[in-house]
Amino acid sequence: MTTAASTVKGQYHNAKLWQIGFFTLNNTATNMYMFILAFVSYYATGIAGLTVVAISTILTFMRVFDGITDPIIGFIIDKTESKFGKFRPMMIIGNIILAGSILIMYNFTHLLPESLQMLFFILIYAIYIVGYTMQTACTKAAQTVLTNDPKQRPLFAVFDGVNNTLLLTGGQIFVASYLVAKHGGFTMSLFTELNTYAIIFGFVFTALAVLGIAGKDQKEFYGLADLTVQTKFRDYWPILKGNRPLQMLIIAASSDKLTLSVLRHAVVVVMLFGILLGDYELSGTISMIIIIPTLIITFVGVAYARKTDLKKAFVISTWIGLISFAALVVFLFTIDTTAISLSNMGLATIGFIILYTLGMAFGSLPTALVNPMIADVSDYETFKSGRYVPGMIGTLFSFVDKLISSLAPALVGVAVAIIGFKDEFPTIEDELTTSLFGMTIFLAFGIPVLGWIASLVAMKFYHLDSKKMAEIQTSIADVKEKAEQAKAAAAPVYIETEKERDPLNAFPNPE
């Protein structure tokens, strides 16, 4: 086993490839629940009887509640030290809550009296969010113990990108091309089958993730270990206020999250493929077509990140995604969209597939790069102030990220209501109108372009490049090595602090 002493002498502590691969499945497990909940609007409005405006409002406020729970869970993670580690208990408990809340939500809400349905749905959804936060917070926070090697950290994005591509594209194929046809639409039997698969795979993925992090979820890998400055809950604001890389990453990543949340919203997918293109099954087929290009782009992007740094890979992939979707908007306004069909491989079909593939693949890559970038931000905080608070950093990020991305359901709901869909969402039976055409283009491609512009502006002020991260890891390693030497000499080591905030002697000025 790698010891703390050997860690600092070598500057970096590495993980085995299988450990990184297994741990990424923790994110896959929670993304699977996020995927199936993307269809909850159809259950709530079509089976339980809630209105479009009501469910859109509920989902928006639940997303805000999701953000509020993040700082609390993050603080608990940072304070947790058990014989099972800091992260594993949260991962397991969170997944159990997710499975239980999904079973209760879909099996009881529609059976209750109409006057109780909304209240019950909100209550169970709130419980679901607590479980979701517990598990997702660990994905971000545990990056710091998994590895601090700048050549290894981007590897998380490889596994995560592959997993998410297979999950989201494969899941869309499964739902659009199999389940909808099998069950005759978004019926109760469809939700029962879909949720059963999600729960089973969620348990399996979580178990493998726990196995992957087990050897690293130990105190010797927690920041400065015994030297870490103690942090109180009220320190959240000073950390956010004083950590510029965290602020910029939050803006960039939350913009990306909002764009992809809108683009992948079940209603927007129906509007784009089922109405504008006239073939909902095409969504699954095109998702299958772009899997291989997306995986290749992910491998190339991560290889570039390992060769240069995460920031450069993030910026370049965002630029390519932005240009591709901007071109696609112009393209769709100049062609007959009904000509886009796999049975008609003309210029319209080929152009759409190429631009859509480039936009989706490169636009999704920054999302996969965010988790190792959060670990860099957490290490920067340790370097700057002596605090080891990966839970607080990760959940501060999630808190603001979710507040912004919570706009997705409300944005979609308000947008379709503006063009006349106030009681029910657009379905594949609706005819394409001029207003529906314009709103579909705006939601599917206009919102991503605007979001990526905001992301690029934020990255201008994010300074954690390869040179800065090398300086950070060297500084942290030096402090640990001095602590080990002092410990071996039976000499106590102190970090001088001002109100337990700013170590004066342990770190150089980071700027």
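The values are calculated or read from the model by the stated rules, or taken from the named source; none is laboratory data. This is a predicted model, so every value here is computed, not measured. So basically every Cβ, Gly included, is an ideal-geometry build from the backbone, and we count neighbours across all protein chains shown. Just the protein is used for accessible areas: all its heavy atoms, side chains included, with ligands, DNA and RNA removed. Shrake-Rupley method; radii C 1.70, N 1.55, O 1.52, S 1.80 Å.
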Original post:
Here are 436, 403: which of them is open to solvent by less than 10 Å² (accessible area, probe 1.4 Å), touching a Gly at 6+ places or on another chain (Cβ under 9 Å) and in a helix (DSSP H, G or I)?
Top reply: 436
Original post:
Within region 160-170, which residues are among the small types (Gly, Ala, Ser) and surrounded by fewer than 23 Cβ atoms within 10 Å (Cβ to Cβ)?
Top reply: 170
**OP:** Among the numbered conditions (1) at pLDDT 90 or above; (2) farther than 30 Å from residue 309 by Cβ; (3) surrounded by 20 or more Cβ atoms within 10 Å (Cβ to Cβ), tell me where residue 124 comes up short.
**Re:** (3)
**OP:** Inspect all residues belonging to region 223-246 and state whether any of them is part of a helix (DSSP H, G or I), under 20 Å from residue 363 (Cα atoms), at pLDDT 80 or above and open to solvent by less than 10 Å² (accessible area, probe 1.4 Å).
**Re:** no
**OP:** Quickly run through region 80-104 and pick out the residues that are part of a helix (DSSP H, G or I) and free of Cβ contacts under 8 Å to residues at least 40 places away in the same chain.
**Re:** 89, 96, 97, 100, 101, 104
Original post:
Taking residue 255 and the conditions (1) open to solvent by 10 Å² or more (accessible area, probe 1.4 Å); (2) modelled with pLDDT under 85, which numbered condition does it fall short on, given that it satisfies the others?
Top reply: (2)
**OP:** Starting from region 122-149, keep only residues that are without any contact (Cβ under 8 Å) to a residue 24 or more places away in the chain, then list their pairs with residues that are not acidic (Asp, Glu) whose Cβ atoms are within a distance under 6 Å, requiring at least 6 positions of separation or different chains.
**Re:** 124/101; 124/104; 124/105
Subject >> Scan of region 288-317 for residues that are open to solvent by 50 Å² or more (accessible area, probe 1.4 Å) and in contact with a helix residue (DSSP H, G or I) (Cβ under 6 Å, 6 or more places away or on another chain), ordered by number >> reply: 288, 304
Subject >> Among the candidates 157, 137, 181, 176, residue that is assigned to a helix (DSSP H, G or I), open to solvent by 30 Å² or more (accessible area, probe 1.4 Å) and of a type outside the set (S, T, N, Q) >> reply: 181
Original post:
Can you name the residue in region 184-213 that is under 30 Å from residue 90 (Cα atoms), polar (S, T, N, Q) and open to solvent by 30 Å² or more (accessible area, probe 1.4 Å) and, of all such residues, is farthest from the chain's Cα centre (by Cα)?
Top reply: 192
Original post:
Which residues, counting only those in region 359-378, are under 13 Å from residue 316 (Cβ atoms) and open to solvent by 10 Å² or more (accessible area, probe 1.4 Å)?
Top reply: 362
Original post:
Any idea which of 54, 48 is assigned to a helix (DSSP H, G or I), more than 19 Å from residue 201 (Cα to Cα), touching a residue at least 12 places away in the same chain (Cβ under 8 Å) and touching a helix residue (DSSP H, G or I) at 6+ places or on another chain (Cβ under 7 Å)?
Top reply: 54
